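Engineer: Could you have a look at this structure, given as structure tokens, before my questions?
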Amino acid sequence: MRQLHPIIVEEIPDSIKKYVKQIEKVTFPKQGCTSDVGILHTAKGRYVLKRTKGEKYRKWL
């Protein structure tokens, strides 16, 4: 299974960036085998992004 690169701010959809306002940093907890998770740290709080690895898991999510 291929490994995805960490989620970068430029990849985050504009609708999410508009909602959370300014993203201070993105951190990455220990990752599993089916998705990548990034935690957005903002002035409004923390938000979790999840990106699947592969079509099979994308359908599940």
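The values are calculated or read from the model by the stated rules, or taken from the named source; none is laboratory data. Please read all numbers here as calculations on a predicted model, not as lab measurements. With ideal geometry, Cβ positions are generated from the backbone for all residues, glycine too; neighbour counts draw on all protein chains shown.
Engineer: Just to be sure I understand the filter: pairs with C-beta atoms under 7 Å, separated by 6 or more residues or on different chains, first member in region 21-32 and under 12 Å from VAL9 (Cβ atoms), second member among the polar types (S, T, N, Q). Which pairs pass?
Structural biologist: What qualifies is GLN22/THR42; ILE23/THR42; GLU24/THR42.
Engineer: For region 16-61, which residues satisfy the criterion of being of a type in the set (Asp, Glu) and at pLDDT 90 or above? So that I can check it myself, show each step before the final result.
Structural biologist: Taking region 16-61 as the starting set, the residues that turn out to be of a type in the set (Asp, Glu) are 24, 36, 55.
Residue satisfying the conditions is GLU24 alone.
Engineer: Right, next: Every residue in region 1-10 that is among the charged types (D, E, K, R) and modelled with pLDDT under 85, please.
Structural biologist: ARG2
Engineer: Then there's this: Give me the pairs, please: first residue somewhere in region 37-57 and among the β-branched types (Val, Ile, Thr), second residue anywhere and surrounded by 15 or more Cβ atoms within 10 Å (Cβ to Cβ) and outside any strand (DSSP E or B), beta-carbon distance under 6 Å, and either six or more positions apart or on two chains.
Structural biologist: If the second residue must be surrounded by 15 or more Cβ atoms within 10 Å (Cβ to Cβ) and outside any strand (DSSP E or B), the pairs left are THR42/VAL20.
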